[in-house]
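Working notes for the structure below.
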Amino acid sequence: MAITPPAMRRWADFPLGGEMRRATGLPVVLDNDATAAALGEHWSGGVDLPATFAALYMGSGIGAGLIVNGISYRGTSGNTGELGHTCLDLDGPECWCGAHGCLEILAGPAAVVAAARADRRLARAAGLSRRDRTPDQSVIPDFAAVSRAARRGDEGAVALLERSARYVAVAVRNLANIMDLEAVVLTGPSFAIAGPSYLPAVERELDKTFFARANHPVEMRLSRAAATAPAIDAAAMVLQSELVPLHSGVRLAGEPPAVRTPAVIRLLTSLERGDRQATGESSYFTHLSKRTSCSPLTPGGSRPGWRRRCSSTR
């Protein structure tokens, strides 16, 4: 990892992939969560191909996975798409990354929860968790609690989400301008419940200020599987490491082949339907954050019509 987020700082130098493989005896494929989310959308048919699109993933933080003409873009170290650490206020508060005025510190889930906790009435109304958990552990459930309060019509909660959504919308517009995106998908556990509060704000921003709006729109959608995105993303990573004519996939040295293709396809189909048993079985595919593996199948390679690219941070 080039930069370790606070929730993972104790894991920065730990050989996580190797230890997980040894502990489980299973193949382990590692990737950035937002990039994996984009792969999940790509493989599950959530975005029509060919396309250049972003999967905006919101859990405890905010990141974007990028697919460019069917190929996932990872940059040099696998830390591409860190939308949460783009500056939206030069004089804003300092972020854990060292910069000031980042999207995450201004309007990410942790910022929303902190503002809700500062309002005693809202904190009680939302039923925010007690302090028996660390802030890193409580961000996602507490953000969900604020989102549920907004759905019930609590004015304070609605105002916090609307403010956050405006910042997210501007950040998405910046990303769309830079990448000339065709589509943006909102996914991840935080968007699973709060997505309807964010989607209209992003759509309005893109309709009004996206630079290439006269040439083409940017399609916005909420992922059909935002709540189960981690499981689907993990299955998609195994798919893209198996269904490859030119390369066996980036795996740890000495690992056995992953599951057979038909089984993986059945799993992904079941996950997309929301099958609970399949979601549980997806633990076979260990999806761990902040590493780089391979891109999905793309047109033009040795098998008729297909090829793919692989890269690794190690």
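The values are calculated or read from the model by the stated rules, or taken from the named source; none is laboratory data. These numbers were taken from a predicted model, which means no experiment stands behind them. Here the Cβ is made from the backbone with ideal geometry for all residues, glycine too, and neighbour counts use every protein chain on show. We work out accessible area using only protein heavy atoms, side chains counted, and drop any ligands, DNA or RNA first. Shrake-Rupley method; radii C 1.70, N 1.55, O 1.52, S 1.80 Å.
When you go through ALA114, ALA64, ALA34 one by one, which is the residue that is assigned to a helix (DSSP H, G or I) and under 12 Å from the mean Cα position of the chain (by Cα)?
Numbers: ALA114 fails: under 12 Å from the mean Cα position of the chain (by Cα); ALA64 fails: assigned to a helix (DSSP H, G or I).
Being assigned to a helix (DSSP H, G or I) and under 12 Å from the mean Cα position of the chain (by Cα) holds for just one of ALA114, ALA64, ALA34, which is ALA34.
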(message) What's the number of the only condition in (1) under 29 Å from ILE67 (Cα atoms); (2) touching a Gly at 6+ places or on another chain (Cβ under 6 Å); (3) open to solvent by less than 40 Å² (accessible area, probe 1.4 Å); (4) modelled with pLDDT of 95 or more that PHE143 fails to meet?
(response) (2)
(message) Considering only residues that are assigned to a helix (DSSP H, G or I), touching a residue at least 40 places away in the same chain (Cβ under 8 Å) and among the β-branched types (Val, Ile, Thr), which ones fall in the stretch 159-210?
(response) VAL168, VAL170, VAL172, ILE193
(request) May I ask you to list pairs of residues, at least six apart or on different chains, whose Cβ atoms are under 7 Å apart, with the first in the stretch 7-19 being touching a residue at least 12 places away in the same chain (Cβ under 8 Å) and the second being open to solvent by 70 Å² or more (accessible area, probe 1.4 Å)? (result) ALA7/ASP136
(message) Conditions first: (1) at pLDDT 80 or above; (2) open to solvent by 60 Å² or more (accessible area, probe 1.4 Å); (3) farther than 19 Å from TYR167 by Cβ. HIS100 passes all but one, so which condition is the exception?
(response) (3)
(request) Would you mind telling me which numbered condition in (1) buried (at least 20 other Cβ atoms within 10 Å of the Cβ); (2) closer than 30 Å to HIS216 by Cα; (3) among the hydroxyl-bearing types (Ser, Thr, Tyr) TYR73 fails? (result) (1)
(message) If I filter the stretch 1-53 down to residues being within 20 Å of THR228 (Cβ to Cβ), open to solvent by 10 Å² or more (accessible area, probe 1.4 Å) and small (Gly, Ala, Ser), which single residue comes out as modelled with the highest pLDDT?
(response) SER44
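Results for (1) aliphatic (A, V, I, L, M); (2) more than 22 Å from ARG120 (Cα to Cα), shown as yes or no for each residue.
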site	(1), (2)
ARG152	no, no
ALA159	yes, no
ILE193	yes, yes
GLU219	no, yes
(message) For the structure I just gave you, tell me whether ALA212 is modelled with pLDDT of 95 or more, touching an Asp or Glu at 6+ places or on another chain (Cβ under 7 Å) and open to solvent by less than 80 Å² (accessible area, probe 1.4 Å).
(response) yes
